[in-house]
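The values are calculated or read from the model by the stated rules, or taken from the named source; none is laboratory data. Values in this document were obtained by computation on a predicted structure and should not be read as measured data. Cβ placement follows ideal geometry from the backbone for every residue including glycine, while neighbour counts extend to all protein chains displayed. Side chains included, ligands, DNA and RNA excluded: accessible areas come from the protein's heavy atoms. Shrake-Rupley method; radii C 1.70, N 1.55, O 1.52, S 1.80 Å.
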Amino acid sequence: MEFGARVRIRVAGKKELEDRYAANLSAGGIFIRDDRPPAVGSKVLIEFVLPDGSALCRIEGKVVRAKPADVAGEKTAGMGVEFMQLDEFARQLAAYRTPPKEASETKVIEELTDAAQADEVVGIDLGTTNSCIALVHNGSPQIIASMSGFDTLPSVVFVGDKGKDKKVLTGHKAVERMILEPARAIYGAKRFIGRPFVSREVRTFGHFFHYELAEGQNGFTAVKIDGEVYPLEWVGACILAHLKQIAKKTLGRDIKKAVITVPAYFGETQRAAVRHAGKLAGLDVQRLISEPTAAAVAFGFGRALDKTILVYDLGGGTFDASILKIHGDRMEVLATDGDAFLGGSDFDDRVTELLFANIERSNGVDYRKDPVTVQRVRFAAELAKKQLSEAKIAMIDVPYIGQGTDGPINLNTTLEVELFESLTEDLVTRTLQIVENTLKMAGLKSSQIDEVVLVGGQSRSPIIGRRLAERFGKKPSRGVHPDHAVALGAAIVGAAAFGQAASKVSLDLTDILPAAIRVAQGGEAKAVLERGKPLPAEATFDIETSAGKTKEFVASLYRGDASKPEENELLGQVKLPSTIALALTKTKATLTLKVSEDGLMSVTLKHPLTDEVQTLSVALKEGTPAPIDMVSDADLIVEG
Ligand code: AMP
């Protein structure tokens, strides 16, 4: 091919090329300074070369703007080159994108604060997509932003190549790498944390993820990269450790104590796993609270309200609905329901599939199996979805998806809000069904809800506000920042309950059991603690040896609302030896079940004669699962 110009750009190595030019590659062009640029329309060959002269990558482009110098060395003289063909290396780099910095309405701690407070407790929203950390500062809850100004951290962990230089990246840096090596980037880990690998959820949803899921040491779900197994508690710990570091850099001191939030519908094992992740990250977890409860605390804080509210919390991966009664500092959860597999990423999936179908129709190529392209198109889909929260139409532009017969294949299209809403309407309907169920459990009519509070990034989609307004006859409130409310609420709970006497924050909070705890007896799962019971809760239950020949007292514990044992989640089993004589006299052993205010369960079974006691605690034992690597500052590449 005839080139009007050949340009060689020298870089020290791959890293410099990435750091300095990835943004150009994403944008699809570059400006090259030249006193005598070739004419518009000329073909240009750009080579990035190493100091030894060998080429790292080649790009072919065409001049779209040319300005010769009036005076030698003039800065603005040169050519604007639009890229036409990228080699594979350049194509992958083009996938880079800089995460947008979102505007923040909440007060943010950005400066170093001095007064060290030994009793301070941070609030942490460990989200499916984004995480956030907050602190009550001078009586006012504030988000702790990173030194680079980000107020949330993507919940993504990237595990680098094996070897001694192996790096674990977290947050924004992990997101950047995700597009290049999706199988190494662990995102959405919260969907599976604390869930047995054999569970229905993992079987149903596991294959949607680009990384490989595996069974961890204790039967819980883990991720496998390069043959190594990384427990999801470790993944959670990496994110928590990064947040801890953000706090350290911003505040200028170490923080130790935290209140961490979990979806309201999280079960005992999932809660235990989050607690364990906190411990691995070096945090002293004071309490776990439900996300919608935390959001309600942030909503009601300092406002002397007397209201019944519904918190509609639609995040990246989970949906929760909770109804709370707020009376000044007193907050009581009346009912809660949710779906751990319903969130913003499902909305992204719908748009992504539409885009792939379009690409296939126009170019005859199916890129659904190319992980790099899937990641790029998903990002574009998510961006379009967000644009549609403010505009009627979104522009979608993903350059260089691949090489077609007539040149590069670009994705260049638009998405109208009507189409987006029809693609995702059933997801919104599912959230509303959960809202109905929550109302029913609270024994309330929609007219008895004073305010509907929107939380979670996905609740920004206008269709959500419209559908809720139709149902409740009033516009829902956007009175709390959807990305910050949960962390702020957790910080308020931390300040009120654990130290920080000087914070002057007071709060009386009662949460409830989100699902019943049952014991299987004679083929039926009987509720020992009913759903909706205020926490902490305690109950006892008598266990008989079943048939005369049985020499054991056995209690299988389940979590759920079904009367058939197999339709619930098995939490574990406690056993005690019995004797036939005891069985014949039908002597009973007493089972005591306690659920802490965190929603963590402990069980004891006491022998009627010997006083021998068996316990079952869902809390994961220390060192189980063993972290592959202790999370340390050195492992983390932190923004700022
Ligand atoms: P969260 O888990 O609360 O951080 O929510 C993250 C989810 O909110 C992701 O699926 C985002 O794509 C989605 N999201 C964030 N901003 C918007 C927006 N402006 N419109 C629609 N969805 C959004």
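Phe420 falls short of the stated requirement of being open to solvent by 20 Å² or more (accessible area, probe 1.4 Å), within 16 Å of the ligand (Cβ to nearest atom) and touching a residue at least 60 places away in the same chain (Cβ under 8 Å). Pairing residues of segment 187-207 that are touching a residue at least 60 places away in the same chain (Cβ under 8 Å) and open to solvent by 30 Å² or more (accessible area, probe 1.4 Å) with residues that are part of a loop (DSSP other than H, G, I, E, B) and among the small types (Gly, Ala, Ser), at Cβ distances under 9 Å and at least 6 apart in sequence or on separate chains, gives Pro196/Gly219; Glu201/Ala340. Cβ-Cβ contacts under 8 Å between residues 6 or more apart (or on different chains), taken from a first residue in segment 315-333 that is more than 15 Å from the ligand (Cβ to nearest atom) to a second residue that is of a type in the set (Phe, Trp, Tyr), are listed as Ile326/Phe299. Lys307 passes every criterion in (1) closer than 21 Å to Lys474 by Cα; (2) within 24 Å of the chain's Cα centre (by Cα) apart from (2).
Return yes when Ala95 is modelled with pLDDT of 90 or more, among the aliphatic types (A, V, I, L, M) and open to solvent by less than 20 Å² (accessible area, probe 1.4 Å) and no when it is not. So Ala95 does not fit the description; no. Which of the residues belonging to segment 447-463 are within 14 Å of the ligand (Cβ to nearest atom), farther than 16 Å from Glu382 by Cβ and surrounded by 19 or more Cβ atoms within 10 Å (Cβ to Cβ)? Scanning segment 447-463 gives Val453, Leu454, Val455.
Identify the residue in segment 464-483 that is in contact with a Pro (Cβ under 9 Å, 6 or more places away or on another chain) and touching a residue at least 40 places away in the same chain (Cβ under 8 Å) and, among all such residues, is farthest from the ligand (Cβ to nearest atom).
Filtering segment 464-483 down to residues in contact with a Pro (Cβ under 9 Å, 6 or more places away or on another chain) leaves 464-465, 468-469.
From what's left, touching a residue at least 40 places away in the same chain (Cβ under 8 Å): 464, 468.
On the way: Ile464: 9, Leu468: 15 Å.
Going through the qualifying residues, I end up with Leu468.
Scanning segment 36-49 for residues that are touching a Gly at 6+ places or on another chain (Cβ under 7 Å), assigned to a loop (DSSP other than H, G, I, E, B) and either touching a residue at least 40 places away in the same chain (Cβ under 8 Å) or charged (D, E, K, R) (or both) gives Pro37, Pro38. Restricted to segment 231-313, the set of helices (runs of 4 or more DSSP H) holding at least 3 residues that are open to solvent by 10 Å² or more (accessible area, probe 1.4 Å), within 25 Å of Thr170 (Cβ to Cβ) and modelled with pLDDT under 95 comprises 232-251, 268-280. Within segment 344-360, can one find any residue that is in a loop (DSSP other than H, G, I, E, B) and more than 13 Å from the ligand (Cβ to nearest atom)? So far as segment 344-360 goes, no, none of its residues is in a loop (DSSP other than H, G, I, E, B) and more than 13 Å from the ligand (Cβ to nearest atom). The condition of being modelled with pLDDT under 75 and open to solvent by less than 40 Å² (accessible area, probe 1.4 Å) holds for only one of Gly572, Gly548, that being Gly548. The residues of segment 179-229 that are touching a helix residue (DSSP H, G or I) at 6+ places or on another chain (Cβ under 6 Å) and either in the same structural domain as Glu88 (by TED's automatic domain parsing) or under 20 Å from Phe379 (Cα atoms) (or both), listed by number, are Ile179, Leu180, Pro182, Ala185, Ile186, Ala189, His210, Tyr211. The set of residues in segment 363-417 that are free of Cβ contacts under 8 Å to residues at least 60 places away in the same chain, over 26 Å from Phe89 (Cβ atoms) and within 16 Å of the ligand (Cβ to nearest atom) comprises Ala384, Gln387, Glu390, Ala391, Lys392, Ile393, Ala394, Met395, Glu416, Val417. Considering only segment 468-489, state which residues are surrounded by 20 or more Cβ atoms within 10 Å (Cβ to Cβ) and among the charged types (D, E, K, R). Hit for segment 468-489 is Asp483, nothing else.
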